[in-house]
1. Can you tell me which of 196, 220, 201, 165 is assigned to a loop (DSSP other than H, G, I, E, B), hydrophobic (A, V, I, L, M, F, W, C) and either over 16 Å from residue 117 (Cα atoms) or in contact (Cβ under 8 Å) with a residue 40 or more places away in the chain (or both)?
2. Are any residues in the range 60-80 surrounded by 15 or more Cβ atoms within 10 Å (Cβ to Cβ), free of Cβ contacts under 8 Å to residues at least 24 places away in the same chain and in a loop (DSSP other than H, G, I, E, B), and if so, which ones?
3. Given the options 185, 160, name the one that is touching a helix residue (DSSP H, G or I) at 6+ places or on another chain (Cβ under 7 Å), part of a helix (DSSP H, G or I) and either surrounded by fewer than 19 Cβ atoms within 10 Å (Cβ to Cβ) or without any contact (Cβ under 8 Å) to a residue 12 or more places away in the chain (or both).
4. Take the range 127-162 and flag every residue that is among the polar types (S, T, N, Q) and under 13 Å from residue 117 (Cβ atoms).
5. Pick out the one residue from 114, 93 that is of a type in the set (A, V, I, L, M, F, W, C) and closer than 30 Å to residue 182 by Cα.
6. With 139, 99 as the choices, which residue is crowded, with 19+ Cβ neighbours inside 10 Å, part of a helix (DSSP H, G or I) and either in contact with a Ser or Thr (Cβ under 8 Å, 6 or more places away or on another chain) or in contact (Cβ under 8 Å) with a residue 24 or more places away in the chain (or both)?
7. Select from the range 25-49 the residues that are within 21 Å of the chain's Cα centre (by Cα) and surrounded by 10 or more Cβ atoms within 10 Å (Cβ to Cβ) and write down the one among them that is farthest from residue 77 (Cα to Cα).
8. Which residue out of 289, 298 is modelled with pLDDT of 70 or more, within 24 Å of residue 68 (Cα to Cα) and in a helix (DSSP H, G or I)?
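The values are calculated or read from the model by the stated rules, or taken from the named source; none is laboratory data. All values reported here derive from a predicted model rather than from experimental measurement. As a convention, Cβ positions derive from the backbone with ideal geometry for all residues, glycine included, and neighbour counts pool all protein chains shown.
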Amino acid sequence: MSVGPIAPTIIDTKDTKVTKRGDSPNKLSPKANFVLNLILTLAMLACVLPLVIVISVSLSSESTILKEGYGLLPKDFTLDTYKFAFSDPRSIVNAYKVTIYTTIMATIICLVNVSLFAYPLSRPDFKFRTEITFFMFFTMLFGGGLVAYYILMTGFLGLRNSLWAIILPYSFNSFWVIVMRTFFRTQVPLSLIESARIDGAGEWRTFTQIVLPISLPGLATVALFTTLGVWNDWFNCILFIDKPELANLNTLIYRALTSARMLREIIATMGAAGSADAAAEIANLPNETFRMALAVITMGPIVLAYPFFQKYFIRGLTVGSIKG
């Protein structure tokens with residue numbers, strides 16, 4: 001039995017889309033790419049423009065700002081506001097030292113406490129993880145209030161006029177424990193921990209040499225937000241610190257703005273008493289520009305610290321995208 005010639009198969013290529021070599025099947029179309037870039041550009045400008053305006057106002061003269069308002073470029077450029085702010089540089093330098101010290105100490109202690117607390121809760125072989133997690137979560141819902149907090153810090157712990165009154169409130173955070181517990185549970189394979197145990201590694205060695213190195217994105221997230229919280233804190237310092245040499249940067253700025261406002265409030269009284277020259281001198285002190293200059297002085301170092309953590313955020317976004 002002979003088989004006849006096989007007829008050639010005709011393939012219709014009219015509706016067949018040929019993908020270029022190297023193109024991703026999820027590649028955006030030019031229109032979608034343009035729209036997304038436009039949205040992200042507008043979002044970036046919404047974040048950057050206020051910062052530019054703050055810097056511009058701080059470099060402008062007070063009289064010009066009062067007449068013409070704010071602008072993207074400095075009006076009547078001057079450094080008088082910064083000279084006025086640094087008229088007593090020792091207080092600002094000391095406030096920077098206090099702020100940097102408390103920020104570093106609180107961040108380190110928070111990372112140690114949170115990681116040591118979250119890691120056992122992420123292990124399925126830890127017996128009381130459910131009960132401890134509930135107790136920790138309960139503290140997020142209910143608190144003792146400001147009066148109990150003040151009595152505890154001053155009466156029982158004796159932390160009045162101590163830098164530990166600024167450090168300890170940020171040394172532990174239940175929310176970050178939940179975040180790190182989830183990170184350990186999802187990004188640290190149990191097979192890796194079991195392999196380390198088979199090789200003879202103890203719990204401390206497994207945690208310090210295996211778990212922590214692959215958990216840098218989560219730790220960097222906790223470190224960044226703890227750093228921001230301590231750096232911007234002024235309430236605890238106002239509440240527990242009376243000595244000027246222990247005041248942090250934000251507290252110093254708060255007191256400077258309060259003093260400037262009080263001086264302006266007595267202008268009318270001084271004018272009514274006949275002290276017109278003194279009232280005019282106080283009226284010429286910078287107000288709006290002074291506020292903006294203090295904002296620039298405060299946010300400078302923390303803005304420069306952000307790029308250090310950025311690469312870990314990127315790793316945190318991609319750490320679970322590839323499974324091997």
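1. 201
2. Within the range 60-80, 74, 75, 78 qualify.
3. 185
4. Within the range 127-162, 133, 139 qualify.
5. 114
6. Answer to the selection: 99.
7. Restricting to residues being within 21 Å of the chain's Cα centre (by Cα) and surrounded by 10 or more Cβ atoms within 10 Å (Cβ to Cβ), the top hit is 40.
8. 289
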